[in-house]
Structure formats: structure tokens, C-alpha cells
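Structure record follows, encoded as C-alpha cells.
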Amino acid sequence: MTLRRRILLYYSITLSLSLVIVGYWSWFEFNEQRNVVLRGGVEAALKESPLQETLEIIFYGGLPAILLGILGGGLLMRRALRPIEELTEALEKTDVSNLSNPVPRSGNGDELDRMTAVFNRMKERLGLSFTQAREFTLNASHELKTPLTVIHGTLEQMATHEQAAEVDRERAASLLEEVQRLSSIVGQLSFLARADAGLLPSAREPVALDDLVRDLAEETMILASGAEISVTLSECQPLSVSGDKMRLRQLLLNLADNAVKYNERSGSIEMTLVRQNDDAVFTITNTGMSLPVELRSRVFERFFRGDLAHNSAIEGSGLGLSIAKSIVEAHQGVICYEVLPDGRTQVVVTLPALLAQR
Amino acid sequence: MRLLIIEDDRKTAALLTSTLSTVGGVVVWAKDGERGLNEARKGGFDALICDIMLPGVDGLSLVRTLRVEGVKTPVIMLSARGEVEQRVEGLDAGADDYLPKPFASSELLARLRSLMRRNAGQAVSTLKVADLTLDVASREVRRGGRRVDLSPRENLLLECLLRAEGSVVSRRDIISAVWEYDFDPGTNLVDVYVRRLRDKIDRDFTPALIQTVRCLGYALRLP
């Protein structure tokens, strides 16, 4: 039944019921009047004034009718609005991940059903453009790889060509550096595009996160030794997560690399791995310049590089943290970036932990 | 060394041809899968270098067909598609190695070298350049007769450079040989380790053997 008809039907039923009540009380009053006249004559009937009679009808017939109307109306509203609530819930749950699942339709052709259909079509179109954007990035990065190979190889030959003049070799080497930067960006874009499309090869095996974190601390110490940055692993509880070991290594190294790059001379890096309820929580905190408040929410955006990076000679494409985020999300985890009151920068990764079995 | 290149992109094929001819390779070029298959069936090649995305017969089916027919020529696959999945697919199909684009010519040559070595079946017990030796089994390193203590990573790094027999080894190849990472860590990990290795094997000795080749990587050889 269409929404309009349903409301009309409920409305009519409520009105009819009210009418029945009012009618019944009127009948009751008139019947009583008649009985009084029959029993005690006209005088007896005159004892109750018309006003009194009317009040009785209003009180006993009208009020219940109004009450019924209000209750019935409330019920009617609730029932009529329920499909709208359901649709709102479905709308609220809509995000990039479920664009391909349509909202179930009642199929009765009413206004809401049509609205659901329109909404589903919109979801479909949205899904299509997301897919197109994703595929575009994926294809673009693939298409760029072959020409990059040719350019790289040719420059390689030029840079190592022994008969060439020193200045030409120097030029070729300088171009080679740029081609390598370009290749690395293309590689990162292709990684992100595959992550977006859910194409990341995701081995689901138990990974001892504490082992990875200990290795990482050691590696970071070596990376940071040049700038005399101290690295401490203040707590490392035995914790396992389910996931892809290689991608988790990539994630950790990525965060550690940032902590070294954006640090200051003689600064410090602190890491912890602890269990919090059912989660494994890895934090990495580093000294150094922190991002201004207004830019902090944007650190996971693609190609975002704070002024810090633009002003200094720090290498990077601004895709590192986006990659970290996509790895964390592929492992059903959460990553956040904050600046502590003491000015240190902290990145916290929360991953669902496997139950302790070791 | 006779090599067959199966690659539809003319410029990539030209680059591969000129790279391979610098190491004395004689190259035959097939520009699609069908021609590649026919050439490969004729035999007489030391190795095949085959792109995965090809018009007609694609690289994976080509290798599969060859293996079914009993052609055992070693194959290196090239691909611009996803790295890890395609590596697995390529090796499953019967390829011997896989090189993701974009790659450096030195990386292709390194793979070809290790393929030839594997095929020749020669197991070396000691790797050696000048007065620097690495005993593959005991991991013992000596320079000028004196023992040098290296960490396990430094040891692997040295082995990786020694095995290249004086050729340049790219950072990506070092990363995958020493750390077994399949990703670009974006750090200067390799450079830091090379510096540490230099401190141990080159600082107190002449001549210095580890050479930095700008943009391309490192080489271990007599200057």
C-alpha cells in the first residue's frame, strides 16, 4: 500500500472510531431521556437542562473520542514515519565501502519506495565514479611505468657512458635522480590505488608484533645515530595481531622514518607497544617541530606536506602517512596523529590483538 | 649469450637490446606473444625476457605453454602491474624470476647473472675481491688476512655486493637481498649500512673497495 493511502486509511479508521464513540454516547443520552419520559413523564425529563445533557455528551462521548484520535494519530504518525527512519538509518551507514549494496526496497511503489530507488541509483552512480577514479589512478600509474623504465635505462647509459663529457654525465645523473623520485611517487600511488580497490595482498597470519617492534627499534637506532637522536623502546608487551607481516613492517618503518626525518639534532624517539583491552596499541613519539593546530587533521591526506617539510630539505612525497593509514585500515585498525602538551609529536596505531596464546 | 626479448613496446625492447649487448648478449626481439612462442620453441636461447602484458598470447600463458611443452629455457618476467601478486603468478606459471617496472638496467643484468649462475650450478664456497674474502658457509670475513667482525646484516650486505662481481647493485636489490623487504622503505637504511660496512672493511685498508655509483647504487670492486 502506498504511504498516502495508508495514512488516509488510518485517518479514516480513527475518525470513524471517534464517530462511533460520539454516536454511542448521544444514543445513550437520548435513550435515557426517553426512558425517563416513559417512567416519570415530561416533568422528570425537564429536570436535566439541555446544557447538562450536552456537557454529558461532550464529557463521556467527545473526550474519549478526542483521546482516541490523539492516540490513534500518534500511532499513525509512528507507523507512517517508520520507513523514513529506516531509510535514514541506511543513509547514515552509507560510506565508500558499501556503495555497491543497495538499500532494500518495499517494492510497493509508494513515495518512499521511489525515494529508495532514487537513492540506490545515486549510490550506484557514486560507486561508479569512485571506481573510475580508483581505476584511473591504477591505470595511470601502470601506464607510467613503461616509459619510466625507458627513461631510466637511457639516462643510466648516458650517466655511465665513458666517452661522454663529464658535464653531460653530471646532467644525466641529475635527471636520473628526478626519474627515481618520479618512479617512487608512481609506486606509492599504485600502492594506494590498489589499497583503495581492496587489492592489497593481505596474508592473514598471526604476526608477533613485539618482534617487529623490537627489530624496528634497533633499525631506528641505526637510522637516527647520524643525528644523535636517542631511541628508546620503553615498553614492549608480547602481542600478536592477525595480518600481513610485510605490510606491518612497512607501516612501522614508515612511521619510524617520519619520526627520524622530522626530528631535531640530539632529539629523542620513544616507542611503546602495550595491550589495551582487546587491542594492541603502538605509539611512537618524537621531538622536533610540530605541525600547527590547523594542519594536524590533514596529515593523512594524500600529497599533504606540512610547511615543515616544504621549508626544510626533507625528502618525501607526502604519501607516506596515507600509505600508513591504508595499511592500518586494511588490518581493521585505527591510526591517529597528535601533538602532546610538551610539544612532541605522537602517532598511535591501534590494531585488534589476537588472544594471548603464546 | 643468446637472449630472446618478448616485448611489445618498441622503445623498451630497444633499450633492453642495447643494455644486453653491453654484456655481450646477442638479442632476438619478438614483438608479440605468438612470435615469441615460435622463436622460443626453436630453442638455442640462454634466457628469455618476457613482458606479461602482450598483445595476443600474454606472458603468463606463454611461459605456461613453454613449460608444458618441455622448453626449460630460464625466463625473466617483466611487468608494470601490481608487484607482489604478479611475482607470485609469474613464478607459478613457471618463470624463474620477476622484475617489476620501472627497473634499472643494472637490476636486469643482476637477475640475468644470478640466473646464469644458478643454471651453471656452480656453488662457490668463497667469494673474493682483491684481498677481501667471505666464506659462504662459515660467514667468516677477512681483509688482507685479518678477520673482520660484521653484524649479520652487514654480512648479508657484503655477500650481496660480492655476488655482483663488481657490477653496480641497486638500492632496491640490496633492500630485497639484505632485509627481504618487498617495498621501498623510503629511508636511507641502505646508505647507513653501507657506511658501517665501509668503516669495517675499507677504513683501515687500501684500496677502498666499496664504490658509490651516483643514483644507481653501490659496487664492490678494485677502483
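Structure data summary
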item	result
Filter result for B:R111 (part of a helix (DSSP H, G or I), facing chain A (nearest Cβ under 10 Å) and at pLDDT 90 or above)	no
Residue among B:S138, B:S105, B:S125, B:S79 that is over 25 Å from B:L220 (Cα atoms) and either over 11 Å from the mean Cα position of the chain (by Cα) or at the interface with chain A (Cβ under 10 Å from one of its Cβ atoms) (or both)	B:S79
Residue among B:G217, B:G144, B:G121, B:G166 that alone is surrounded by 17 or more Cβ atoms within 10 Å (Cβ to Cβ) and either under 30 Å from A:L321 (Cα atoms) or not hydrophobic (A, V, I, L, M, F, W, C) (or both)	B:G217
Selection from segment B:205-220 of residues that are within 14 Å of chain A (Cβ to nearest Cβ) and in contact (Cβ under 8 Å) with a residue 60 or more places away in the chain	B:L216, B:G217
Strands (runs of 3 or more DSSP E) completely within segment B:121-223 that count 2 or more residues being of a type outside the set (S, T, N, Q) and out of contact with any Lys or Arg (no Cβ under 7 Å at 6 or more places or on another chain)	B:132-135, B:141-143, B:146-148, B:217-220
Filter result for B:R2 (under 22 Å from B:A110 (Cα atoms), more than 14 Å from chain A (Cβ to nearest Cβ) and basic (K, R))	yes
Helices (runs of 4 or more DSSP H) contained in segment A:209-308 and holding at least 3 residues touching a residue at least 60 places away in the same chain (Cβ under 8 Å) and within 14 Å of another protein chain (Cβ to nearest Cβ)	A:245-261
Selection status of A:I84, closer than 30 Å to A:F30 by Cβ and either surrounded by 13 or more Cβ atoms within 10 Å (Cβ to Cβ) or in contact with a His (Cβ under 7 Å, 6 or more places away or on another chain) (or both)	no
Residue within segment A:159-175 that is out of contact with any helix residue (DSSP H, G or I) (no Cβ under 9 Å at 6 or more places or on another chain), assigned to a helix (DSSP H, G or I) and away from chain B (no Cβ under 11 Å) present	yes
Any chance A:A193 is at pLDDT below 90 and either touching a helix residue (DSSP H, G or I) at 6+ places or on another chain (Cβ under 7 Å) or within 8 Å of chain B (Cβ to nearest Cβ) (or both)	yes
Residue check, A:S49 more than 38 Å from the chain's Cα centre (by Cα), under 28 Å from A:D113 (Cβ atoms) and surrounded by fewer than 11 Cβ atoms within 10 Å (Cβ to Cβ)	no
Filtered residue count, segment A:232-267, keeping only those that are within 25 Å of the chain's Cα centre (by Cα) and among the aliphatic types (A, V, I, L, M)	5
Where a residue in segment A:62-87 is at pLDDT below 85 and its partner, wherever it lies, is aromatic (F, W, Y) and not in a helix (DSSP H, G or I), with Cβ under 6 Å and at least six apart	none
Top-ranked residue in segment A:102-132 [being among the small types (G, A, S) and at pLDDT 85 or above; ranked as surrounded by the fewest Cβ atoms within 10 Å (Cβ to Cβ)]	A:S129
Number of the condition not met by B:L15 [criteria: (1) in contact with a strand residue (DSSP E or B) (Cβ under 8 Å, 6 or more places away or on another chain); (2) crowded, with 17+ Cβ neighbours inside 10 Å; (3) among the aliphatic types (A, V, I, L, M); (4) modelled with pLDDT of 90 or more]	(1)
Residue identified as basic (K, R) and either farther than 26 Å from A:S225 by Cβ or in the same structural domain as B:K72 (by TED's automatic domain parsing) (or both) among B:R142, B:R153, B:R203, B:R172	B:R142
Filtered residues of segment B:154-204 (kept if within 14 Å of another protein chain (Cβ to nearest Cβ), without any contact (Cβ under 8 Å) to a residue 60 or more places away in the chain and of a type in the set (G, A, S))	B:G166, B:S176, B:G186
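One line per residue, one yes/no per condition, for (1) crowded, with 19+ Cβ neighbours inside 10 Å; (2) of a type in the set (V, I, T); (3) in contact with a His (Cβ under 6 Å, 6 or more places away or on another chain):
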position	(1), (2), (3)
A:L192	yes, no, no
A:V207	yes, yes, no
A:E218	no, no, no
A:E228	no, no, no
A:V231	yes, yes, no
A:E235	no, no, no
A:D244	yes, no, no
A:A256	yes, no, no
A:S268	no, no, no
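The values are calculated or read from the model by the stated rules, or taken from the named source; none is laboratory data. Predicted, not measured: the structure shown is a model, and the values here were computed from it. Positions of Cβ are generated from backbone atoms using ideal geometry, with glycine treated the same way; all protein chains shown enter the neighbour counts.
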